[in-house]
Ligand SMILES: Nc1ncnc2c1ncn2[C@@H]1O[C@H](COP(=O)(O)OP(=O)(O)O)[C@@H](O)[C@H]1O
Ligand SMILES: [Mg+2]
């Protein structure tokens, strides 16, 4: 059985005859936090709108917990909580009223569930004030509570930290991480901030000009395939690598660096040790997500 | 579904639309009843000044009219129906004499009817528009439409709950109009007048409107009849406004378009009353209460039943289109 909480396949969207989303596919497993990274205007919000049923894809499918969004909207959406370019609140009501209002739209949401969600986002003290007097951070918390009262399995957050101060961003991040860890909620979180994705997410899908250009776990995305050995005789090792493994390696001081398939790495290391080299470090060179992001998106033209 | 409707009613109430409508209503009703009372007293003063009498002798005038009617109904040449209508009027005038009521005094019962008759084409639709215009458009302008449409509720239910809430509030508003006009005008006139008889060509007979003969009914029945027509027209206007507000996105333009249609429609009716198509426009058909007071035909071939049919078609059409538009719409706010 397919255990995907969210499965997006080949989404395409034309708005006013302009191709905004060309081909977007990815999926999310239970408990995963997935970053949806892309520069401004790359189509993140447009994609998320289609995932939560606000707009209809020109073609392609969305499946949530096994339910097709098109055919079984209600069942699919009962598993989703979202904030799309939000938070969106009725500012002439209190925060609590806002939550009650949405609670009554889902089956079996009790007052206890509302109170729990309020406690989770730490808004107990101000919950009965009118939304109009809330700060952006408080609104964002209520928005999160709105998305959580019906205990969804998938949380979709569109640039949730926009407009928050660093303190607020930090707190928000901790809340979301806890949700995934403790309640096994999957989170799809869009962002144009690399650091945010790197700090929160297990995996990342990078979108540019309406196309997914890379989907991978954060670790994999950062691996360049470059290995650096620090050892006693780099010149001799360089020759060995070339003759035995046909690997071109470059020397820099006491280090030797080469691009190697990770699967061959232990064989290479064993050979080096067997040949009497004194290895102090072997490390794989990571690039920053920023490098990756820039290398993938620098062709973009607006 | 009940929960959804409750939410929508609560939103309308919290948006403080009702107080605004109440204030508008109180101002108008207050001014009008004051004005009517003032005009009435001035007329009497004038009459007394001209005739040189110290008190307005309504009994004299009424008796004079009674005698005239009785004399005419003696005439053998008069057809049966006409005689029947004379008999109704005689009966009515006798009631006034016997109960010592001046038939031309303004009363609350008369005022609430004439307010409805005057308001049904413009003022009451305006109040309904204030209520209905931002029902959907405000969700878009506040962007809260996104939280409404991303819950596990199909779109048609969201719209239906709004529509039902609108019907409830419209009904409530018609009640409020009836009660406010009655109470406020009573303050000025000090007369209820609900049991006075009135001659009408229409009666609610076993649920259907019967216009075969004129009869005499107490005023409160007539008021109920008029207000059921007002209620019907209000529902129609609410349905059409809902569609407009769905299409244009802001409540200001929705109210603007509706007002333009209402006023433009009256122009059409005035200038092009021999143009066949005009009678299929909803505005031409709004003035239902006028059918009750004589042989009203704004455009040839129109009747009460015709107008009710046309209005129903407009409302049902608007609702159907609203649901289709709302279901398909891409929410890009
Ligand atoms: N309502 C709209 N009408 C036309 N074009 C739009 C609309 N909304 C977004 N776009 C276009 O779609 C592209 C992607 O926008 P969006 O999904 O909001 O990007 P992101 O959320 O990644 O910043 C942009 O080029 C934007 O101009
Ligand atoms: Mg965006």
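Odds and ends about this structure:
- Residues that are within 16 Å of ligand 2 (Cβ to nearest atom) and within 13 Å of another protein chain (Cβ to nearest Cβ) were ranked within segment A:145-163; the one that is nearest to residue A:78 (Cα to Cα) is A:156.
- Single condition residue B:216 does not satisfy, out of (1) in a helix (DSSP H, G or I); (2) in contact with a helix residue (DSSP H, G or I) (Cβ under 8 Å, 6 or more places away or on another chain); (3) farther than 30 Å from residue B:158 by Cα: (1)
- Some residue of segment B:62-70 being outside the structural domain of residue B:177 (by TED's automatic domain parsing) and closer than 30 Å to residue B:175 by Cα: no
- For segment A:96-129, taking the residues that are surrounded by 13 or more Cβ atoms within 10 Å (Cβ to Cβ) and more than 24 Å from residue B:149 (Cβ to Cβ), the one that is farthest from the other protein chains (Cβ to nearest Cβ) is identified as A:122.
- Which numbered condition residue B:153 misses (of (1) under 19 Å from residue B:248 (Cβ atoms); (2) within 14 Å of another protein chain (Cβ to nearest Cβ)): (1)
- Residue among B:148, B:131, B:127, B:135 that is under 30 Å from residue A:104 (Cβ atoms), within 14 Å of chain A (Cβ to nearest Cβ), under 26 Å from the mean Cα position of the chain (by Cα) and assigned to a helix (DSSP H, G or I): B:135
- From B:309, B:286, residue being crowded, with 17+ Cβ neighbours inside 10 Å and more than 14 Å from chain A (Cβ to nearest Cβ): B:286
- Of the residues A:221, A:216, the single one that is in a strand (DSSP E or B) and either within 16 Å of ligand 1 (Cβ to nearest atom) or at pLDDT below 85 (or both) is A:216.
- Considering residues of segment B:289-306 that are surrounded by 14 or more Cβ atoms within 10 Å (Cβ to Cβ) and in contact (Cβ under 8 Å) with a residue 40 or more places away in the chain only, the residue nearest to the other protein chains (Cβ to nearest Cβ): B:289
- Any hit, segment A:70-80, residues being under 25 Å from residue A:177 (Cβ atoms) and under 17 Å from the mean Cα position of the chain (by Cα): yes
- Just one of the listed residues (A:124, A:85, A:100) is under 30 Å from residue B:16 (Cβ atoms), in the same structural domain as residue A:206 (by the TED database) and within 16 Å of ligand 1 (Cβ to nearest atom), namely A:85.
- Sole exception among (1) within 16 Å of ligand 2 (Cβ to nearest atom); (2) under 18 Å from the mean Cα position of the chain (by Cα); (3) over 18 Å from residue B:329 (Cα atoms) for residue A:88, by number: (2)
- Matching entry among A:147, A:132, A:117 (being over 19 Å from residue A:172 (Cα atoms) and part of a helix (DSSP H, G or I)): A:132
- Among the numbered conditions (1) within 16 Å of ligand 2 (Cβ to nearest atom); (2) on the phi > 0 side of the Ramachandran plot; (3) over 17 Å from the mean Cα position of the chain (by Cα), the only one that residue A:140 does not meet is (2).
- Residue satisfying condition, being assigned to a loop (DSSP other than H, G, I, E, B) and away from ligand 1 (no atom under 11 Å from the Cβ), within set A:12, A:71: A:71
- Residue match in segment A:180-200 (condition: within 14 Å of another protein chain (Cβ to nearest Cβ), in contact (Cβ under 8 Å) with a residue 60 or more places away in the chain and within 14 Å of the chain's Cα centre (by Cα)): yes
- Taking segment B:1-117 as the region of interest, the helices (runs of 4 or more DSSP H) fully inside it that hold 3 or more residues being under 30 Å from residue B:288 (Cβ atoms) and either more than 14 Å from chain A (Cβ to nearest Cβ) or without any contact (Cβ under 8 Å) to a residue 12 or more places away in the chain (or both) are B:17-51, B:80-98.
- Output for segment A:8-40, where each listed residue is over 10 Å from residue A:60 (Cβ atoms), in contact with a strand residue (DSSP E or B) (Cβ under 8 Å, 6 or more places away or on another chain) and either within 14 Å of chain B (Cβ to nearest Cβ) or without any contact (Cβ under 8 Å) to a residue 60 or more places away in the chain (or both): A:14, A:20, A:27
- Scanning segment A:44-61 for residues that are surrounded by fewer than 21 Cβ atoms within 10 Å (Cβ to Cβ) and either within 16 Å of ligand 1 (Cβ to nearest atom) or under 16 Å from residue A:150 (Cβ atoms) (or both) yields A:45, A:55, A:56, A:58, A:60.
The values are calculated or read from the model by the stated rules, or taken from the named source; none is laboratory data. It should be emphasised that the depicted structure is a prediction, and the values quoted were computed from it without experimental measurement. All Cβ positions, even for glycine, are placed from backbone atoms using ideal geometry, and neighbour counts span all protein chains on display.
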